[in-house]
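Notes follow the structure.
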Amino acid sequence: MAAMTAVLAPPSRSSSSLSFSSPRCRAPAFSCSSHNSQRPKRQSLIKRHSSQEPNNNEIEAVSQKRFPGRGKDEASSSSSALKSFGVQKKEKGLVYEQVNDMGNLQDAAFLNAVVKVYCTHTAPDYSLPWQKQRQFTSTGSAFMIGDGKLLTNAHCVEHHTQVKVKRRGDDTKFVAKVLARGVECDIALLSVESEEFWRGAEPLRFGRLPSLQDAVTVVGYPLGGDTISVTKGVVSRIEVTSYAHGASDLLGIQIDAAINPGNSGGPAFNDQGECIGVAFQVYRSEDAENIGYVIPTTVVSHFLNDYEKNGKYTGFPSLGVLLQKLENPALRTCLKVPSNEGVLVRRIEPTSAAYNVLKEGDVIVNFDGVPVGSEGTVPFRLTERIAFRYLISQKFAGDVAEVGIIRNGAPMTVKTVLQPRVHLVPYHIEGGQPSYFIIAGLVFTPLSEPLIEEECEDAIGLKLLAKARYSLARFKGEEIVILSQVLANEVNIGYEDMGNQQVLKLNGTQIKNIRHLAHLVDSCKDKYLVFEFEDNFLAVLERDAASTASPCILKDYGIPCERSSDLLEPYVDSEDNQVMNKEEIGDSPVTNLEIGFDGLLWA
């Protein structure tokens, strides 16, 4: 999709970067040495990006973003994107073959299945959660897969309010409907009801996973023109890759064909005209060039099968364990592991089913009968090996996996249910609008990565950032609830300067999530509302005065409602979300890339 390139999380002093083809992307920056599974190597253990130092190492979205009232040439980041993707390569003597409706590809039938996507986005305002940001538009690519459906990237239609598509050689735009968005795999499924749009259309055929050095052709509508564009290259690498938009690790194909803003969602073809994947992000670096990424058909098939099976996208599952490699012979001997195999379980997420099956100190030696090596890799095709996470990604939510382990020197097999991972601080807000609750001008909202990005990390505070980066959810539904800001009024005098601080308790009761906080306020019969914040700070309000002042404050600030619509439903406390003892912050990272240490990995 043609849009603004957005850097998510630059590493400290590395000069490489991953970039997307999308309008708004939150991709963690990542270092050259290891892929950005959840996040890449950072400038510090906590910071995702720095406003003080320029970022040369970044995952970017490749899409062209336009705001109302500006000319085409003023599209945000288009000029800089054109320079970085085109001029720099040209100056270094690396010129890609880019064909626009020319040569023997001009009449190729498969090109007619590639369409241009026009999307209008209206993103939430996370700092003012009761309203939306100014809308903007972007363009990308998509392709026909039959049955009246199209495939594109999820980031191409993120926060969409209107999606239109146009076929090659046509001047009519047709309204499209978004059926499903897979955030982790960065895939979206569209449908077009108009029969005129599908007249004479031939859907693409999916091909097998390519081999190294296989020729690849990327087709789409990138920056630089309005007609279809074709770039050619070869398959450079196939491995588990960081998906910047979803902050996830899935199989990816690295290619050297040019991928530019607007290519997002476009297909990549082999020599037989079969689609072998979907273009979605690029990796820019001062030390490396010509690195683009394609979502392989294995991931696409998983997404489509998930949608057909469940009627919606349910996500890729996770085992929920932090693993340590067992390359050291003395370590294996100490753990009574007889051969050069297995990975050591160092931490288990409390929200995963494996929490009741596996134990810290177990050594995982096989997964569904496939042996796991001491480096955390498994056999892949004939002569290759791939990260252990690949086997888990082939499963669906709710599937049962057999895990072979060595516990205290004794081999055994255990079974566990695989479910999508529960993030304490979510990367994306489902439903499009964040939750919020306002009482006497105190605005409460759950902490999320979009909010951190919007507020900037310097305004959040190191202690809260440490929790966001390193803490695990202790039960399903747990949230970090923060006081976003205070809307000044006589009833809250003395608290006006408070902002972005975590609220821990209300009248002595520990807060589980934003719904729980709203319930505690609504059901309170005490004279005072006593809020306890991080660092032992107290904020006390007289309950009756707070209730009386709230409607006036909402009217003065033009806020339609004191709470988001999802908080209007009655609160139900589930049995499994009893607050557990606090875990130490920073005792182990959420991902090994947080600290740049390759000896730990999440599965």
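The values are calculated or read from the model by the stated rules, or taken from the named source; none is laboratory data. Predicted model only: the values in this text are computed from it and were never measured. We place every Cβ from the backbone using ideal geometry, glycine too, and count neighbours over all the protein chains shown.
Table for the structure above
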{"quantity": "All positions within the range 494-530 that are among the hydrophobic types (A, V, I, L, M, F, W, C), more than 15 Å from Arg543 (Cα to Cα) and part of a loop (DSSP other than H, G, I, E, B)", "calculated": "Met498, Ile511"}
{"quantity": "The range 193-223, residues that are in contact with a Leu (Cβ under 7 Å, 6 or more places away or on another chain) and over 28 Å from Arg381 (Cα atoms)", "calculated": "Leu223"}
{"quantity": "Residue count for the range 247-276, restricted to those that are within 16 Å of Val235 (Cα to Cα), in a strand (DSSP E or B), out of contact with any Pro (no Cβ under 6 Å at 6 or more places or on another chain) and of a type in the set (A, V, I, L, M, F, W, C)", "calculated": "3"}
{"quantity": "Flag if Asn263 is more than 23 Å from the chain's Cα centre (by Cα), of a type in the set (S, T, N, Q) and modelled with pLDDT under 95", "calculated": "no"}
{"quantity": "Strands (runs of 3 or more DSSP E) contained in the range 382-474 and holding at least 1 residues among the acidic types (Asp, Glu)", "calculated": "384-387, 400-407"}
{"quantity": "Test: residue in the range 306-319 that is in contact (Cβ under 8 Å) with a residue 24 or more places away in the chain and over 27 Å from the mean Cα position of the chain (by Cα)", "calculated": "no"}
{"quantity": "Thr152 vs. criteria at pLDDT 95 or above and of a type outside the set (A, V, I, L, M, F, W, C)", "calculated": "yes"}
{"quantity": "Val299 at pLDDT 95 or above, in contact with a Leu (Cβ under 6 Å, 6 or more places away or on another chain) and of a type in the set (A, V, I, L, M)", "calculated": "yes"}
{"quantity": "Condition met for Glu478 (in contact (Cβ under 8 Å) with a residue 40 or more places away in the chain, under 30 Å from Asn356 (Cα atoms) and either part of a loop (DSSP other than H, G, I, E, B) or out of contact with any Lys or Arg (no Cβ under 6 Å at 6 or more places or on another chain) (or both))", "calculated": "yes"}
{"quantity": "Residue count, the range 289-321 (criterion: under 15 Å from Glu184 (Cβ atoms), in contact with a helix residue (DSSP H, G or I) (Cβ under 7 Å, 6 or more places away or on another chain) and surrounded by fewer than 24 Cβ atoms within 10 Å (Cβ to Cβ))", "calculated": "3"}
